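Structure, as structure tokens:
The values are calculated or read from the model by the stated rules, or taken from the named source; none is laboratory data. Everything quoted here is computed from the prediction, not taken from an experiment. Backbone-built Cβ (ideal geometry, glycine too); neighbour counts: all protein chains shown. Just so you know, the surface numbers come from the protein's heavy atoms only, side chains and all, with ligands and any DNA or RNA stripped out. Shrake-Rupley method; radii C 1.70, N 1.55, O 1.52, S 1.80 Å.
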Amino acid sequence: MDESNAIVIFGASGDLTRRKLMPSLYDLYRKGRLPKNWRIVGVSRTDFSDEAFQAHVEAGVKEFARSMYDARQWAEFAANLCYFRGDLTHFEQLQGVDRMLCEWEDGRQGNRLYYLSIAPNLYEQAIANLGAADMVHQDHGWRRVVIEKPFGQDLASARALNQAVHRVLDESQIYRIDHYLGKETVQNLLVFRFANSLYEPVWNRNYIDHVQITAAETVDVGHRAEFYDKVGVVRDMMQNHVMQLLALVATEPPTSFAAEAIRNEKAKVFQSIRPIRPENVAGCTVRGQYRTYRDTPGVAPGSTTPTYAAIRYYIDNWRWQGVPFYMRSGKALAAKSTEITIFFKRPPHVMFPMPEGAQLAPNYLSICIQPDEGIEFSFQAKVPDTVAEMRTVDMSFQYEQSFGAMAIPEAYERLLLDVIKGDPSLFTRSDAIELSWQLIDPILEAWQSKHAPPLSFYESGTWGPVEANELIAHDGYHWTHGCGQEGEA
Ligand code: BG6
């Protein structure tokens, strides 16, 4: 039977649709990767005609799509783009969307992807309504629902949301999106570790001294203040993006590349991370806020929402026992940079003459997630024409050099295509979401209690509060920044 494929975006007038979803769908169309008989339906409360919606999307595509804008191809793409003014929390309006889709499907096998790009507090009701409107049964084609982050505010709300979602949908129909997992460089982590024989033998506590994960942004909260002030950096970046990076660095080799094999191993990492006890929170975490944050319209007066956090975790298993994992993330910092740095142990014995008290610099591997995507390995080399002076030098792999300037697609391209294909590997399973909240909850709770470390303030354009330097200096280390360049933060 002939098939039709509808992509229904709820919250279609929002920023995510304009900046990420539509430009990615346009890029997929240009590459010929959308399935046959496709149509995109935008749904939101804004009063758009089809033409006005298309013009709104076109401006976003011109600004954000990776491929060059082409008027002829845009016209072909736009011909499959329509708009429905409605609110999915209103049952009758949702039925209107269903009628519109059924009419277009016209008795064909109608596959449908529902993308919830709406306020997180509406997820439960939205999904209940999709169920009540009989829009998720799979008798005549698949029905999949993409749920944006944040998935819950804490463990209790994430559990409640999982239960609400499971009342209506089978786990295989749910795609909890974390766009970091769609980034090429993040997917490459598994390839780098497990498609090469060199790294795995040393990827453990015997050779690795410590690990740093940085997700730094130069942007401040800007016009998202109202949302951000209720969320803060830990819920916005740590519980999801940064924890996922940690899981991929620390995971055991999955038995296969199958979604469940990878997801099972990641869940085991979360199960092995040592929860931080309330009385230890002040010694293992730092919370910061950039100085001008409270002046932002939408931020509550005297808000203590952190815009910066640093956390030290340990993983209690054979591979990682005793190896500290330092994670930090913040807004309004000195550079946009997401990177993972693996520091190896220093050589056990130094046979070279060195000044009194000096130490050999450790080898380290910098995995540059973005920008300047690549991997660099830093090691010691003899400075030519000296007796035995040494300096740190790099071996470097740059995506741009190896694969060309346009090689890296937008993460959402890959993720949207995976939903259409029914591949959940790069999406978060319910247990992983709950496990990561289980780790984050005690920190957030302690930050509201007598155990809270003081809120530290930092100037915009710096590397965050000095207390974060002290956290790591206490263990004898310092943060790295600028992928591949070791330096004081
Ligand atoms: C989003 C956060 O999930 O990720 C934003 O809500 C953040 O606050 C963004 O700016 C960062 O994404 P990227 O891909 O630019 O690192």
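If you take the residues in segment 133-171 that are within 20 Å of the chain's Cα centre (by Cα) and in a strand (DSSP E or B), which one is surrounded by the fewest Cβ atoms within 10 Å (Cβ to Cβ)? So the residue we want is Val146.
Checking the structure you have, find out if any residue of segment 200-216 is near the ligand (Cβ under 10 Å from one of its atoms) and of a type in the set (A, V, I, L, M). The answer is yes, given that some residue of segment 200-216 is near the ligand (Cβ under 10 Å from one of its atoms) and of a type in the set (A, V, I, L, M). Here Gln271 fulfils each of the conditions (1) touching a helix residue (DSSP H, G or I) at 6+ places or on another chain (Cβ under 8 Å); (2) open to solvent by less than 20 Å² (accessible area, probe 1.4 Å) apart from (2).
The set of residues in segment 219-248 being among the acidic types (Asp, Glu) and assigned to a loop (DSSP other than H, G, I, E, B) consists of Asp220 alone. Scanning segment 320-346 for residues that are away from the ligand (no atom under 16 Å from the Cβ) and in contact with a strand residue (DSSP E or B) (Cβ under 9 Å, 6 or more places away or on another chain) yields Trp320, Gln321, Val323, Pro324, Phe325, Tyr326, Thr341, Ile342, Phe343, Phe344, Lys345, Arg346. Those helices (runs of 4 or more DSSP H) of segment 364-478 in which at least 3 residues are open to solvent by 60 Å² or more (accessible area, probe 1.4 Å), considering only elements entirely within it, cover 399-403, 466-473. What tally of residues in segment 211-221 results from selecting those that are within 15 Å of the chain's Cα centre (by Cα) and open to solvent by 10 Å² or more (accessible area, probe 1.4 Å)? Residues that pass the stated criteria total 1. Starting from residues that are open to solvent by 60 Å² or more (accessible area, probe 1.4 Å) and in a helix (DSSP H, G or I), keep the ones in segment 103-126 and report whichever is farthest from Val165 (Cα to Cα). For segment 103-126, the residue satisfying everything is Glu103.
The residues on offer are Arg224, Arg176, Arg235, and the sole one that is among the basic types (Lys, Arg) and either open to solvent by less than 10 Å² (accessible area, probe 1.4 Å) or away from the ligand (no atom under 16 Å from the Cβ) (or both) is Arg176.
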